[in-house]
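The values are calculated or read from the model by the stated rules, or taken from the named source; none is laboratory data. Model, not experiment: these values are computed from the prediction. Methodologically, a virtual Cβ is constructed for each residue, glycine included, from the backbone with ideal geometry; neighbour enumeration extends over all protein chains shown. Remember, those area values only see protein heavy atoms, side chains included, never the ligands or the DNA or RNA. Shrake-Rupley method; radii C 1.70, N 1.55, O 1.52, S 1.80 Å.
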Amino acid sequence: MRIWVVLSVLQSEVYVMDGGIGLRHGVRIARTEWMRTRRQLARSSVVRAVIALFIIGTLVIATSIAYGFGAAFRSAAITLPVGAIRSLTTAVFLTLLIGFVQQTSRLLERLNINHLLTTVPARAVIIGVVLTVSGRAAIRVFLTASSIAIGFSLGMRAPLGIATVIIAVVGFLSLSVLSAVALSFAVDFLTTRSPRFRRYKTAFVVVAFSLLSIGMAVVIAGQVSIDLVWKWLAAAPTAWFVDLALVGVPRTSPKFFQSVGALGLVGIGIPVLVAATTALAERVWETEPISATTTHRSHSLVGEGRVGLVFDSRISQPTLTIARKRWLQERRIPRSLFMSGYLLVLLLGVTFPIFVAGEVPGISLVFLAFICAGTTGLAFGSDPIGTEYPSLSMTLTTVSGKQFVRGTLLSGIVTGIPITAGAILFLALWSPYGVVETLLFVVAGVGLCVCSVTIAVALGMRSPYSDIIPVPLPLSSATIYSEVGAGGFIRMGIMLGLLGIVCLPIFSSYLMAFFDLVSVGGIPTTAIRIGSLVLTTALATSVSALAYRRAVRLYDRYTLS
Amino acid sequence: MNDSPSITTDRLTKRYGSNTAVEQLDLAIPSGAIYGFLGPNGAGKTTTIRMLTTLITPTEGTAHIMGESITDRPAVIPHIGYLPEKPPIYDELTAREQLEYHGGLCDMAPSDIEDQITSLLDRFDLTDDADDRISTYSKGMKQKTGLIQALMHRPDVVILDEPTSGLDPQAARTVRDTINELAASDTTVFLSTHILPLVEEVATEVGILYDGELVAEGPPDALKERMETGEEGTLEDVFLDVTTDTTYDGQAEADPSGKIE
Ligand SMILES: Nc1ncnc2c1ncn2[C@@H]1O[C@H](COP(=O)(O)OP(=O)(O)OP(=O)(O)O)[C@@H](O)[C@H]1O
Ligand SMILES: [Mg+2]
């Protein structure tokens, strides 16, 4: 009996010691991850210096602007928009939460979990995860927030403000990082435990994403007032941190209960989140993920079937096979779905003119064509290396550039053209234009689709093999391969820019029409509009031809180094 | 076996910065040959294979597959079947889908694709799992899928980088038999491996790469006889002999600094 007591005391001693070890290993894990990221990004010392200068510059500017505000506030020249700051704080919290969840699942994908778990205590791994994720946050958010706080408090001549603002920022950040890590493990837990969750996860992601899109569109279209959303955000407990920060700032009236509440949130939230994360992580790590993917079913990729019947005679088999595989991949892991979110903001360009004009003006159709075509390009054309990555050495040594690019193009336009044409035709029902003009619009839309996919492929073929890394698809346990760093986004910007240039003729002519210009330089706008549709279609065709040739050449010369 | 070479390399060289991975490699491999490409870890085998399969460009020198220059990818690829170190397959597909995909890309007739898949799956004992996602496969099952993929379109030249890695003895024997059959039908097999008995059994010619350079080449029997001892050695003896620093033996004592570590 006594020996058990001794043993358990020993054990608790070990437990305490173990905490220190956990921290030490955790720090090491985080440091190694930062190093890996640095090496993967492989920025030159010049680029690093530029980035550092940029950050320092931004911080200095932010500090001085904040100082100016502080001084103005002290002389009562302005008042603090506390309500807006409250809403903004919650909005920032939600944004950070999504970002950190993404980072956490990406990190868990990168870490060699099995190796770590057989080497160090699970707690060390969790600490490592938290430190890695918060490390980047510390650099980005903490530095910005605290330099603003310092500038403002100095301007206010209220040094106590520096302390309270920084305390609030630290609390706010810790809470968001820890919530994100816990949330991310919770999703993993559901995935490993519930076959149903796993099976319907894709559907779940689709539904969640559509709801979000619809919600955004509704707010953008003005159906739900922004004020209401703003009020909800300000009422959330995360907004209490604003009151906590303002405690040390004179001439403000922070609410007492809220500022104490913020402290309470930190005091209670952190231990609860840590405990929850530990419990969830240990469950996740000790269960083998159940496999819901033993479907015992294969889809045919060659020969007959719906697709085969339609295209078989006209398109070469390798080209068709590339497209069919792309669609199958999309069914299993809907990566292009996530691309469709990027252009949603432009819906404003469709809805706003409709509200103003009371009918569907041409400019709305222009935006619609741009959104549909651009999304098709992003979804099916961009990142061709990433989609092929796991089997790239086979693809490169099996099909020619012509077949590959045509297949990718096919996968995009067969999906995109019906949607684009259908959407344009549907909206055009409420437009004042005749049949000819509407049909020309549809033709231009089709041209833009082709153009957008080809440009995207041509640009995407430039991403270097060594820059492709596994990335978890948000909210799912699926992993896709994608380019590390800003390269992908830069290419996306270039692609949309080029597509925008192709759209320029129709954009300008229908903008003129929107402002009721009847003729320009003696030419009636109707003629200009028809002419611009033809011009855009012609532009789209020639740009597509150029991009196609470029993409084929890049594929045929692509190497794995 | 006919005598026109199916793989030739001429002073083929690949450098990574100051590090030379492959140095002035000259090969002439007749069609129908089974070429065992040996060498210690980091010798440059994979690098050579990646150059032959057009996946990386040589720093210097040239190479031809069935008379086509490796700088012309569209011309080379109809002739080759390639299994890299890591099988090039998609986790989210099933083996059958992956193989149909490959067959479709090679423009094989759909009925031929079905026949080849059925017979090769059966041969490698993978039929029962062929309709499960590859993400659920064991290492060996993935390797088998990659191997079938490299062979199913009946290429002129099959290039295999460690084909038996992760395979059970039964499957390794299947690989050996398959390689022999391929060679009998005049397919050239370029085989990089660390399994010396496999090479001893199947190879018609062996090349040993050491630090990027070809240090021994010839039919296995001839190589075994060339041993300095004069006696018949095994391929392993030859391998160890030509891939250890010859300057090491007996030179420690002659070292002018006189240090012995
Ligand atoms: N992308 C690269 N960058 C720099 N060096 C490389 C690269 N790829 C290979 N090397 C170097 O080239 C040399 C040969 O590597 P290779 O992969 O060809 O060896 P290998 O003979 O296939 O070895 P193993 O038997 O272990 O597979 C090694 O020294 C390696 O470090
Ligand atoms: Mg190798």
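For this structure, a couple of remarks:
- Residue list for region A:382-402, filter: β-branched (V, I, T), within 17 Å of A:A323 (Cβ to Cβ) and at the interface with chain B (Cβ under 9 Å from one of its Cβ atoms): A:T395, A:T398, A:V399
- The one condition in (1) charged (D, E, K, R); (2) more than 7 Å from chain A (Cβ to nearest Cβ); (3) under 19 Å from the mean Cα position of the chain (by Cα) that B:R50 fails to fulfil: (2)
- Residues of region B:3-31 that turn out to be assigned to a loop (DSSP other than H, G, I, E, B) and either open to solvent by less than 40 Å² (accessible area, probe 1.4 Å) or within 15 Å of ligand 1 (Cβ to nearest atom) (or both), as a count: 3
- Residue match in region B:55-65 (condition: within 11 Å of ligand 1 (Cβ to nearest atom) and under 28 Å from B:T244 (Cα atoms)): no
- Residues located in region B:189-220, provided they are more than 13 Å from B:F239 (Cα to Cα), open to solvent by less than 30 Å² (accessible area, probe 1.4 Å) and either within 16 Å of ligand 1 (Cβ to nearest atom) or in contact with a Cys (Cβ under 7 Å, 6 or more places away or on another chain) (or both): B:F190, B:L191, B:S192, B:L198, B:G212
- Pairing residues of region B:70-99 that are under 18 Å from A:Y481 (Cβ atoms) with residues that are within 16 Å of ligand 2 (Cβ to nearest atom) and not polar (S, T, N, Q), at Cβ distances under 7 Å and at least 6 apart in sequence or on separate chains, gives B:P84/B:D161; B:E85/B:D161; B:E85/B:E162; B:P87/B:G146; B:P88/B:G146; B:I89/B:G146.
- Restricting region A:408-418 to residues that are crowded, with 24+ Cβ neighbours inside 10 Å and either free of Cβ contacts under 8 Å to residues at least 60 places away in the same chain or within 14 Å of another protein chain (Cβ to nearest Cβ) (or both), the residue that is farthest from A:R324 (Cα to Cα): A:G416
- Number of residues in region B:84-112 that are more than 20 Å from B:T127 (Cα to Cα) and either surrounded by 21 or more Cβ atoms within 10 Å (Cβ to Cβ) or more than 8 Å from every other protein chain (Cβ to nearest Cβ) (or both): the value is 7.
- Residue ID - nearest to B:E213 (Cα to Cα), chosen from residues in region B:45-60 that are charged (D, E, K, R) and either crowded, with 24+ Cβ neighbours inside 10 Å or within 13 Å of ligand 2 (Cβ to nearest atom) (or both): B:K45
- Per-region count, region A:293-309, residues more than 7 Å from every other protein chain (Cβ to nearest Cβ) and at pLDDT 60 or above: 1
- Flag if A:Y510 is crowded, with 21+ Cβ neighbours inside 10 Å and over 21 Å from A:T408 (Cα atoms): yes
- B:Q24 of a type in the set (S, T, N, Q), modelled with pLDDT of 90 or more, at positive phi and more than 15 Å from ligand 2 (Cβ to nearest atom): yes
- Among the candidates B:G42, B:G36, the residue that is within 16 Å of ligand 2 (Cβ to nearest atom) and outside any strand (DSSP E or B) is uniquely B:G42.
- Listed by first and then second residue, the pairs linking a residue in region A:93-104 that is more than 9 Å from A:A137 (Cβ to Cβ) to a residue that is part of a helix (DSSP H, G or I) and open to solvent by 40 Å² or more (accessible area, probe 1.4 Å), with Cβ atoms under 6 Å apart and 6 or more places separating them unless they lie on different chains, are A:V101/A:L183.
- Filtering B:I49, B:I34 for residues that are within 24 Å of B:R176 (Cα to Cα) and more than 15 Å from ligand 1 (Cβ to nearest atom) leaves a single hit, B:I34.
- A:I506 vs. criteria assigned to a helix (DSSP H, G or I), away from every other protein chain (no Cβ under 14 Å) and within 31 Å of the chain's Cα centre (by Cα): yes
- Residues (open to solvent by less than 20 Å² (accessible area, probe 1.4 Å) and over 26 Å from A:V82 (Cα atoms)) located in region A:259-283: A:T277, A:A281
- Filtered by the rule that a residue be under 26 Å from B:A43 (Cβ atoms), over 12 Å from the mean Cα position of the chain (by Cα) and away from ligand 2 (no atom under 16 Å from the Cβ), region B:157-168 gives a lone residue, B:L167.
- Exactly one residue among B:D186, B:D177 is closer than 30 Å to A:S316 by Cβ, more than 14 Å from chain A (Cβ to nearest Cβ), surrounded by fewer than 17 Cβ atoms within 10 Å (Cβ to Cβ) and under 19 Å from the mean Cα position of the chain (by Cα), and that residue is B:D186.
- Of all the criteria given as (1) surrounded by fewer than 17 Cβ atoms within 10 Å (Cβ to Cβ); (2) closer than 17 Å to A:T387 by Cβ, the one not satisfied by A:G493 is (2).
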